[in-house]
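**Student:** Next up is a structure, given as structure tokens.
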Amino acid sequence: MRRTKKADAVATLVDELYDQRERAWAAALVTTQTFLDTLADSVLEDEDRDRLNADTARIKDRERAVDKIMRRVANGQMSRPTTPEEVAESLHDLLGVKVLCKTPRDLTAFTEKLEQACASPKCSVRLAHPPTDYVGNPKDSGYRAYHAVLLVKVATHEGDLPVKVEVQVKTRLQDAWGELTHEDMYKPGKALKPNEFHQEVARRMAELLDNVDTMADLLAAELDRQTAPESDTGPELDEVTVFARITSTGRRYALAIAPDGRQGLIPARSVRAALGSNTRINVARHLHVGDTVDVRIEETDTALYFHPVSLG
């Protein structure tokens, strides 16, 4: 379908803007992802980095930018832009980065750290305006996510250029909701219009996935409790020593299997004790998959623990 003259005029402005700034935008995305990765590192403190992932970044397709502007003009949400600069000002999502989190508590910790960092006078990245929390206040469709628009400075031959980058923070299930409900097909200007059936099913799916997210948080909290450092006198251990083979390892714990097939948890506290250390450690640096270690067994009502006798 051919464009109208007004749409052609907007498309010309979009092309001018992209030609002028696309290189700077690419640099802004790299800067933003580095900034977000640094925040994730500080939140997780070298724990499982897969819990926070900021790998997905994009510059909006030119045709989609034109379509969005024309749709907003038609709906009376904005005036038709007359310069490339007005195009840039009218759209806050020309650049975007998505941060995926394993659980809601990771999302909360990350977004709190993001707002704290952007408020610091030492930080060069700023919030363009207050974030929108669709997690605490979901859309009627059931959509849940945290949206923030960052102002990132990019050095150019004409000086620093402030660039807006939209950051969407979601749990993996919140992100999956969009694909499972075919959300893109029902957005404004898309092929399908949401009917009552789609809206009701989408809302119910969002509620179910939110419940699963909550349960994932509960399981993570229970794992934290079971791997937390112990106080007082410590556990009572079997006198028998067995060999256990490491099958999985991470920062806070490792999993191992005994000759009788039982699988046990080796918490960081036990590795510290075997090393004779009182400082925080990364278990994965001392125990590796395939290693065989001499352990004593502690069995409780909630878990089976393997405590290394000694580590080299």
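**Student:** Return a yes/no flag: does the range 139-155 have any residue that is loosely packed, with under 13 Cβ neighbours inside 10 Å and assigned to a strand (DSSP E or B).
**Tutor:** yes
**Student:** Moving on. Can E112 be described as free of Cβ contacts under 8 Å to residues at least 24 places away in the same chain and under 16 Å from the mean Cα position of the chain (by Cα)? Write out each step before concluding.
**Tutor:** Values: free of Cβ contacts under 8 Å to residues at least 24 places away in the same chain: yes; under 16 Å from the mean Cα position of the chain (by Cα): yes.
The answer is yes for E112.
**Student:** Would you mind telling me which numbered condition in (1) under 24 Å from E222 (Cα atoms); (2) in contact (Cβ under 8 Å) with a residue 60 or more places away in the chain V309 fails?
**Tutor:** So the condition that V309 fails would be (1).
**Student:** Quick one: count up the residues across the range 72-85 that are among the basic types (K, R) and either at pLDDT below 90 or closer than 10 Å to L17 by Cβ (or both).
**Tutor:** The initial filter retains those residues of the range 72-85 that are among the basic types (K, R), namely 72, 80.
Narrowing further to those that are either at pLDDT below 90 or closer than 10 Å to L17 by Cβ (or both): none.
So the count comes out to 0.
**Student:** If I ask for residues that are in contact (Cβ under 8 Å) with a residue 12 or more places away in the chain, within 25 Å of the chain's Cα centre (by Cα) and open to solvent by 40 Å² or more (accessible area, probe 1.4 Å), which ones from the range 58-73 would you list?
**Tutor:** Across the range 58-73, the qualifying residues are R58, I59.
**Student:** Out of the residues in the range 74-103 that are among the aliphatic types (A, V, I, L, M) and free of Cβ contacts under 8 Å to residues at least 60 places away in the same chain, which is surrounded by the fewest Cβ atoms within 10 Å (Cβ to Cβ)?
**Tutor:** Among residues in the range 74-103 that are among the aliphatic types (A, V, I, L, M) and free of Cβ contacts under 8 Å to residues at least 60 places away in the same chain, the one surrounded by the fewest Cβ atoms within 10 Å (Cβ to Cβ) is A74.
**Student:** In the range 19-57, what count of residues is obtained for those that are crowded, with 20+ Cβ neighbours inside 10 Å, over 21 Å from the mean Cα position of the chain (by Cα) and either not in a helix (DSSP H, G or I) or not basic (K, R) (or both)?
**Tutor:** Residues flagged as crowded, with 20+ Cβ neighbours inside 10 Å, over 21 Å from the mean Cα position of the chain (by Cα) and either not in a helix (DSSP H, G or I) or not basic (K, R) (or both) within the range 19-57 amount to 1.
**Student:** Taking the conditions exactly as written (modelled with pLDDT of 90 or more, in a strand (DSSP E or B) and under 16 Å from L151 (Cα atoms)), does A88 satisfy them or not?
**Tutor:** no
**Student:** Moving on to the next point. As an exercise: evaluate S231 against (1) surrounded by 11 or more Cβ atoms within 10 Å (Cβ to Cβ); (2) at pLDDT below 75 and give the number of the one condition it does not meet.
**Tutor:** Just one mismatch for S231, condition (1).
The values are calculated or read from the model by the stated rules, or taken from the named source; none is laboratory data. The model shown is predicted, which means the values in this text are computed figures rather than measured ones. Counting neighbours? That spans all protein chains shown, and the Cβs are built from the backbone with ideal geometry, glycine included. Side chains are part of the model used for accessible areas, which takes the heavy atoms of the whole protein and leaves out ligands, DNA and RNA. Shrake-Rupley method; radii C 1.70, N 1.55, O 1.52, S 1.80 Å.
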